Amino acid sequence: MVRHVVLVGLMGSGKTTVGRRLASHLGRTFVDADAALEEITDRTIAEVFAEDGERGFRAIEADVLEELLEHHEPTVIASGGGVVLSGENRRRLQQPNVTTVWLDASPAFLASRVETKAHRPLLAGGDSPRQVLERLHAEREHLYREVADIVVDVEPFHHGEEKPKRALAARIAELVLAHEADHPLEEVG
Ligand code: S3P
């Protein structure tokens with residue numbers, strides 16, 4: 001069975017940048033789930049939200065996660081921030097061959113960093129990023145906690161390190177390898 005790493009956390013927590021670096025540390029393939037969704041559907045996330053609504057987007061997001069976790073090579077996946085909303089996704093993230101890492105940070109910190117990009121329609125409403133992130137943090141914190149094998153508070157890295165994302169990726173690589181060593185997969189057959 002192939003092992004995968006999935007990074008979860010709110011928008012602005014650094015899943016994509018840290019994930020890419022983590023993959024290179026571990027010598028594994030990197031996939032950004034939002035980018036994969038856009039490639040598979042041949043539509044932007046903004047278009048999917050506009051045409052299918054958030055519900056439609058979540059259904060496609062679940063299909064994409066399922067597909068990515070079926071990769072035959074060990075993969076580091078940066079998920080979209082809302083992937084934990086689906087019970088089916090949470091079940092998948094808790095499979096023994098999946099190491100799930102939660103990049104946690106306070107809404108204030110995330111709001112100071114998050115960029116309003118086209119793939120983030122949830123930030124495009126009337127509320128400030130701070131208000132949106134406070135709401136999402138309150139709604140999702142327990143779901144990230146439920147699926148996480150490893151929780152990393154990203155803020156100290158940003159305060160104490162010259163290259164925070166590089167330091168984060170190096171630390172997470174250590175934690176992932178230790179987790180995998182502590183939880184060997186049972187040989188099948
Ligand atoms: C979302 C986060 C986005 C993207 C979509 C919905 C969310 O991904 O999947 O806009 O519900 O938090 P990032 O967390 O990569 O920005």
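Within the range 154-186, count every residue that is open to solvent by less than 80 Å² (accessible area, probe 1.4 Å) and of a type in the set (D, E, K, R). Total satisfying the criteria: 3. Pick from the range 25-45 the residues that are more than 14 Å from the chain's Cα centre (by Cα) and touching a residue at least 40 places away in the same chain (Cβ under 8 Å): which of them is surrounded by the fewest Cβ atoms within 10 Å (Cβ to Cβ)? Filtering the range 25-45 for residues that are more than 14 Å from the chain's Cα centre (by Cα) and touching a residue at least 40 places away in the same chain (Cβ under 8 Å), the one surrounded by the fewest Cβ atoms within 10 Å (Cβ to Cβ) comes out as Thr29.
Results for (1) at pLDDT 95 or above; (2) more than 10 Å from the ligand (Cβ to nearest atom); (3) on the phi < 0 side of the Ramachandran plot; (4) not in a helix (DSSP H, G or I), shown as yes or no for each residue.
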position: Phe30; (1), (2), (3), (4): yes, yes, yes, yes
position: Ile40; (1), (2), (3), (4): yes, yes, yes, no
position: Ala46; (1), (2), (3), (4): yes, no, yes, no
position: Glu51; (1), (2), (3), (4): yes, yes, yes, no
position: Arg55; (1), (2), (3), (4): yes, yes, yes, no
position: Arg58; (1), (2), (3), (4): yes, no, yes, no
position: Ala62; (1), (2), (3), (4): yes, yes, yes, no
position: Glu67; (1), (2), (3), (4): yes, yes, yes, no
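Residue by residue, here is whether (1) among the basic types (Lys, Arg); (2) within 18 Å of the chain's Cα centre (by Cα) holds:
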| residue | (1), (2) |
| --- | --- |
| Gly87 | no, yes |
| Thr100 | no, yes |
| Leu103 | no, yes |
| Glu115 | no, yes |
| Glu139 | no, yes |
| Arg145 | yes, yes |
| His158 | no, no |
| Lys163 | yes, no |
| Ala170 | no, yes |
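The values are calculated or read from the model by the stated rules, or taken from the named source; none is laboratory data. Predicted model, so just to flag it, every value in this text is computed and none were measured. Quick reminder, even Gly has a Cβ in these numbers, built from the backbone with ideal geometry, and neighbours come from all protein chains shown. For the accessible areas, the whole protein counts, side chains as well, though only heavy atoms, and no ligand, DNA or RNA atoms are used. Shrake-Rupley method; radii C 1.70, N 1.55, O 1.52, S 1.80 Å.
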